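To start, the structure under review is shown below, and the notes come after it.
The values are calculated or read from the model by the stated rules, or taken from the named source; none is laboratory data. Source: prediction; values computed, not measured. Cβ atoms come from the backbone with ideal geometry, glycine included; neighbour counts cover every protein chain shown. Calculation scope for accessible area: heavy atoms of the full protein, side chains included, ligands and nucleic acids excluded. Shrake-Rupley method; radii C 1.70, N 1.55, O 1.52, S 1.80 Å.
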Amino acid sequence: MGNRVGVDSYPARMRRSAHRARVALRRSGVDYFRGEGSDWLAFGALLLTIPAITVGTLADPVWCAPATLVLPIVAGGLLLRPASLLALYAAAAGALIVESLVLGPYTQGPARVTPGTVLVVAACGFFGLLIAQFRARVGVPWRRGGTMLFDLRERIRVQSALPRLPKGWHREMALRPAGGQSFSGDFVVAARTHGGRTLEVLLTDVSGKGMDAGSRALLLSGAFGGLLGSLPPHAFLPAANGYLLRQDWDEGFATSIHLVLDLESGDYELLSAGHLPALQLHAGTGRWEEKSGEGPLLGVYDGAEFHPVKGSLQPGDVLMLFTDGLVESADRDIAEGIDRLTGEADRYVASGFEGAAWHLIEACAKDVNDDRALLLISRKG
């Protein structure tokens, strides 16, 4: 019985050892492609390419030139940590020495190791090391950096989505970052509160534009999205102002306009923090009216007060919120920009403003190097 147990346990131990090895290899591979764990897999693969390239160069230097060693060096700059990268560079330098000794001096014929080849390989290695050190300092591997930015952009887009409104209401929004970039200093957060009866929308324009303001806008959109609906409407902007002051940014100010709309009666309040006025189209007269509360910029001084303005959306009325990139430019002032915006908006009265937000940005500020945002809310007749 004891011998049988000893004989059977050896294959069992081997199977367990093989299973543990497979699990460890698979886990290290998953960690590597997720940007975590060791880089030994990539280092080993790249290290093996150096002798393979060296053999190819010695066999046929015309088709496999000595400068081919640049390929693993460039890949190493993207994949490896600085310590592993230096070891790879040492192997590449040794390969260049071997190639120069076997092929002979570069003055004796083509396809030799020339001083230019050494300079090209060294330059690629230098820039690769800079990239690797930057990645190590930031802590985001290249394999995850693009994915993380894409995920952040999608989270901003989802957070900016307007909630569905009851029958009889229409809403749409268009957002265009400066320079065609993916991140904007303008953002919208919205929520339905009080059992869905009230719509609260906040349109914010962070100082700066494009990528410079995108990181601050990302932080503020998350914070403001958490505050919206958690505080009474009149307490929101003072809380947002205090939060911005605590950040102590060099460019720490922002403008905001906060809409609180009763979806049953159509009554609303607008609270503004240094933002441009909203525009209301009255269906009865066909005229646009500026509506704006009073309040300073967010992040300027503590204890700021924000006074609302009230209004009401009747059937057929439209309320339009926007940022300054839509109406202000170097060759025109804000008043001229607003006149142009309302003139273009009049074309969409008959269609009920369906799809109007994107077209209005195209018509009024297509090539403006600034972030542009436009929000339309209409009550159908």
Checklist outcome for this item: Ignoring chymotrypsin sites (Phe, Trp or Tyr not before Pro) buried by more than 11 other Cβ within 10 Å or outside DSSP loops, the longest site-free run in the chain is 64-300
Next on the checklist: Ignoring ligands, DNA and RNA, please state the percent of accessible area on the chain from carbon and sulfur, probe 1.4 Å.
Outcome noted: 60 percent
Checklist entry - Cα centroid distance between segment 264-296 and segment 365-381, in Å? => result 15 Å
Checklist entry - For Ala93 and Glu289, FRET efficiency with R0 = 56 Å and r from the beta-carbon atoms, rounded to 0.05? => result 0.15
Checklist entry - Cα convex hull of the chain: how many Å³ per residue? => result 268 Å³
Next on the checklist: Using a Gaussian network model on the chain with a 10 Å cutoff between Cα atoms, which of His170, His275, His258 fluctuates the most?
Outcome noted: His170
Checklist entry - Are there GluC sites (Glu not before Pro) in segment 274-381 that DSSP puts in a loop and that have at most 14 other Cβ atoms within 10 Å, and which ones? => result Glu305, Glu354
Item to check | Most to least accessible of Val102, Val260, Val327 (protein chains only, probe 1.4 Å) | outcome: Val102, Val260, Val327
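Quote to one decimal, in nm, the extra length available between Gln133 and Ser265 on full extension: 0.36 nm per residue of separation minus the C-alpha distance between them. Can you show the working numbers first?
Working: separation 132, 0.36 × 132 = 47.52 nm, distance 5.95 nm.
Full-extension gain reported as 41.6 nm.
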Next on the checklist: Let me check I've understood the local charge: for Ser84, count other residues with C-beta under 14 angstrom from its C-beta, Lys and Arg +1, Asp and Glu -1. What total comes out?
Outcome noted: +1
Checklist entry - Spin-label point model (7 Å from Cα, Cβ direction): what's the Asp331 to Lys380 distance in nm? => result 4.0 nm
Next on the checklist: Under the rule of at least 5 residues apart or a separate chain, name every residue whose amide H is placed under 5 Å from the amide H of Asp267.
Outcome noted: Asp262, Leu313
Checklist entry - Which residue, Ala191, Ala122, Ala239, has the most motion in a Gaussian network model of the chain that connects Cα atoms within less than 10 Å? => result Ala122
Checklist outcome for this item: Nearest-0.05 FRET efficiency for Arg16 and Val55 at R0 = 25 Å, using Cβ-Cβ distance, is 0.05
Next on the checklist: Quick check: residue separation of Leu219 and Ser9 times 0.36 nm, minus the Cα distance between them. What number comes out in nm?
Outcome noted: 69.8 nm
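For segment 187-338, with every protein chain kept in place, what is the accessible area per residue (1.4 Å probe, Å²)?
41 Å²
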Checklist entry - GNM on the chain, C-alpha springs below 10 Å: top fluctuator among Arg15, Arg171, Arg287? => result Arg15
Checklist entry - Expressed as a rounded percentage, what relative contact order does the chain have, with Cα pairs under 8 Å and six or more residues apart? => result 13 percent
